[in-house]
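The values are calculated or read from the model by the stated rules, or taken from the named source; none is laboratory data. This one's a predicted model, so the numbers in the text were calculated from it and none came from an experiment. All Cβ positions, glycine included, derive from the backbone under ideal geometry; neighbour counts span all protein chains shown. For the accessible areas, the whole protein counts, side chains as well, though only heavy atoms, and no ligand, DNA or RNA atoms are used. Shrake-Rupley method; radii C 1.70, N 1.55, O 1.52, S 1.80 Å.
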Amino acid sequence: MIEIQCTPKDNGLIVSVTGRLDTATAPLFDRKFQEDVVGSGQKRVVLDFSKLVYISSLGLSSVLAGGKALNQRGGELVLCGLGGMVREVFQLTGFATVFKIFNTPEAALEEH
Amino acid sequence: MKNIEPDSLRWLKRPAVRESFSELLAFVMDGARTANLSEENLWKLELAVEELVTNVIRHGYAPGESASVRVGYGVSFSGDFSVQIRSGGVAFNPLLAEAPDLTLDVAQRGVGGLGIHLVKTVTDQIHYQHEAGINVVSFRIRKSS
């Protein structure tokens, strides 16, 4: 239902999320994000949503909580690869302006 | 708007607990696929059902109170897909949740009201009523939308 893969780069961490971020999977996302992303100490984090096919409000809450956790440590969370319903949900909720959004992980790390 | 007659819908009743959620959602989504809803209408429907059913499961009942949630769907002659969610517990109109401020940044932004805002945005003719001790939320997904 959800797969989360972290790829460290010289200038930040890319977190690829595959599948769905919803009521069923958000608790796992939250745990992984806390342990592997916030716990890594990386301040530059890109959430790659190019393989995310569905997100609900609970998923948005998780993304927001992740962004806040990084902010509190002087880091920043940016997003890339939003398509289909994920992009629409971000627009409908105003989340598209809450986070910086890029087309690719490379562009997101460069601009960071 | 005319009320949807419960008898004209197909129903599934389950205990109002987390474990019921997947089955209730699958029940409605199977019906929607059979009714040939578009991809866009499928995700809109899924979003609305997820938000409203989890809302009942999380907030609708006092701890330990044994309770159930019923989900029904039907397709009108015009092809609109109708959904009704019925639950007991205290009278609670989820549609009255305060609208979120969509302009705040990461640090200030909260998540209160976000789910219901989404539901209102992606559904048509959504309404709530409290009838004979039952909370009833009804909505449609229009075929053309």
Restricting region B:126-145 to residues that are of a type in the set (A, V, I, L, M, F, W, C) and crowded, with 21+ Cβ neighbours inside 10 Å, the residue that is nearest to B:LEU95 (Cα to Cα):
B:VAL137
Looking at this structure, is B:VAL56 within 14 Å of chain A (Cβ to nearest Cβ), in contact with a strand residue (DSSP E or B) (Cβ under 7 Å, 6 or more places away or on another chain) and in contact (Cβ under 8 Å) with a residue 24 or more places away in the chain?
yes
Just to be sure before I move on: is A:LEU79 surrounded by 21 or more Cβ atoms within 10 Å (Cβ to Cβ) and in contact with a Leu (Cβ under 6 Å, 6 or more places away or on another chain) in the structure I sent?
yes
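Quick grid of which residues meet (1) open to solvent by 60 Å² or more (accessible area, probe 1.4 Å); (2) hydrophobic (A, V, I, L, M, F, W, C):
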{"site": "A:GLU3", "(1), (2)": "yes, no"}
{"site": "A:ASP30", "(1), (2)": "yes, no"}
{"site": "A:VAL37", "(1), (2)": "no, yes"}
{"site": "A:PHE49", "(1), (2)": "no, yes"}
{"site": "A:LEU52", "(1), (2)": "no, yes"}
{"site": "A:GLY67", "(1), (2)": "no, no"}
Does region B:78-88 contain at least one residue that is among the aromatic types (Phe, Trp, Tyr), over 18 Å from A:ALA24 (Cα atoms), touching a Phe, Trp or Tyr at 6+ places or on another chain (Cβ under 9 Å) and in contact (Cβ under 8 Å) with a residue 24 or more places away in the chain?
yes
Having 2 or more residues that are facing another protein chain (nearest Cβ under 10 Å) is the bar; report the helices (runs of 4 or more DSSP H) wholly within region A:1-93 that clear it.
A:57-72, A:84-92
Members of region A:11-35 that are closer than 23 Å to A:ALA107 by Cβ and more than 12 Å from the chain's Cα centre (by Cα):
A:ASN11, A:GLY12
Which of the residues that make up region B:28-46 are among the acidic types (Asp, Glu) and away from chain A (no Cβ under 14 Å)?
B:ASP30
Name, by its number, the condition in (1) of a type in the set (D, E, K, R); (2) open to solvent by less than 70 Å² (accessible area, probe 1.4 Å); (3) at pLDDT below 95 that does not hold for B:GLU46.
(3)
Meets criteria (out of contact with any His (no Cβ under 8 Å at 6 or more places or on another chain), open to solvent by less than 30 Å² (accessible area, probe 1.4 Å) and of a type outside the set (Lys, Arg)) for A:VAL98:
yes
